[in-house]
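Read-outs: derived from the displayed coordinates by stated rules, not from any lab. Fair warning: this is a prediction, and the values are worked out from it, not measured in the lab. Cβ placement follows ideal geometry from the backbone for every residue including glycine, while neighbour counts extend to all protein chains displayed.
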Amino acid sequence: MKAITAKVQPEPKKPASRFWPKFLQQKYLYMMAVPFVLWAFVFNYLPLWGWTMAFQKYKPGKSFFEQKWVGLQYFRELFQDEQFFNALRNTLAMSLMGLLAGFIIPIVFAVLLNELRQIFLKRFVQTVSYLPHFVSWVVAAGIITKMLSTDNGAVNDLLMSLHLISEPIQFMAKGNLFWGIVTASDVWKETGWNTIIYLAAISGIGPELYEAARVDGASRLQQVRNITLPGIRTTVIILLIMSIGHLISIGFEKQFLLGNNLVRDYSQTLDLYALNYGLGLGRFSFGTAINIFNSVVSVFLLFVANGIFKKITKESII
């Protein structure tokens, strides 16, 4: 009988790593990215080392190993302080109002600008709407305060000339109006700038879709509803997720410049609370604890919003 010899199949070769050939091929792109990676590391990740201050009784002038560790003491103090919950309420209220007004109005404004057929008028409106963004909040707060003043303020003069009020209203001294003033100021200042990305998204929609819709007899409103809005859906969802992630970190510039002692209970946000009760009083560890709370809640909101939109709309940023 002939011996049957089995052929031994050679083991398949493992595919060589493609990283280094691709790296050498695109080395100039990687080299261009290095400064931005270093910038992100130095200004976004390296400062995280300072979070250790929240768990220490930090004393300036002492080295890291000479600081006294106190655990979660400052977090317990934070959650037992009534001013913290008042600042949290103000932050969430102004954030939600700003999210609704500052997110919906730019979309509507971008759609309306896109519907303008006169190029000169469109460019003029765009330019005028962008200008307030380049005005610092110091100057903007002065303009707003003057317009709402009881002494020849434009708003009070207009309301009195229309006989809607009999005497000037002290807008800047009424706490129940402060949230609305901040929201309206932010909308006035940033609406034009925020429309840029929506106009860019609208410009990416194929003109043949609008031509086909017009042939089928669709009105301009129907074109907006069935072509324009669905065409910018991805952009809208991504920006909404990012806005929700920043819901609790709204800064303090507007509130600091427009606020005063009469509206303190409505103007103090978490960032302003950290400034006044942390750095202002030399309590560096307490201020760091507040900022850690802000960061943790922001990351949590970002992941929750991303998960919800990913499940419902199949759109996400992660």
Any chance you could run the full-extension gain for L131 through F85? It's 0.36 nm times the residue separation minus the Cα-Cα distance, nm to one decimal. 12.9 nm
Among P168, P47, P132, determine the one that fluctuates most according to a GNM of the chain built with springs between C-alpha atoms less than 10 Å apart. P47
Is the chain rounded, prolate or oblate when judged by the Cα gyration tensor, a ≥ b ≥ c being the square roots of its eigenvalues, rounded requiring a/c under 1.5 and prolate requiring a/b larger than b/c? oblate
Amide N proximity, the stretch 47-63 versus V299 label position 7 Å along Cα-to-Cβ, cut-off under 17 Å: 47-55
Which residue fluctuates the most in the chain, going by a Gaussian network model with Cα springs under 10 Å, if the choices are Q223, Q118, Q126? Q118
Between Q56 and residues 5 or more places away or on another chain, which pairs have amide H atoms under 5 Å apart, with H built 1.01 Å from N, and which residues are they? V70
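In deg cm²/dmol and to the nearest 500, what is the mean residue ellipticity at 222 nm of the chain if only DSSP H runs of at least 4 residues count, each as -39500 (n - 2.57), divided by the residue total?
-19000 deg cm²/dmol
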FRET efficiency for F36 and I318, Cβ-Cβ distance as r, R0 = 22 Å, nearest 0.05? 0.65
Kyte-Doolittle mean at least -0.5 and Cα axial length at least 27 Å: DSSP H helices in the chain: 82-115, 175-203, 284-313
If the reach is capped at under 16 angstrom between alpha carbons, list the aspartates and glutamates near K189, excluding any in the same chain fewer than eight residues apart. E253
Take the Cβ-Cβ distance between D157 and N226 as r, set R0 to 51 Å, and report the resulting FRET efficiency rounded to the nearest 0.05. 0.70
In nanometres, what is the gap between the two model label sites at T150 and F43, each 7 Å from Cα along Cα-to-Cβ? 4.4 nm
Over the stretch 72-313, relative contact order from alpha-carbon pairs under 8 Å, at least 6 apart, %: 30 percent
How many nm is it between the label spots at L112 and I205, if each spot is 7 Å from the Cα in line with the beta carbon? 1.7 nm
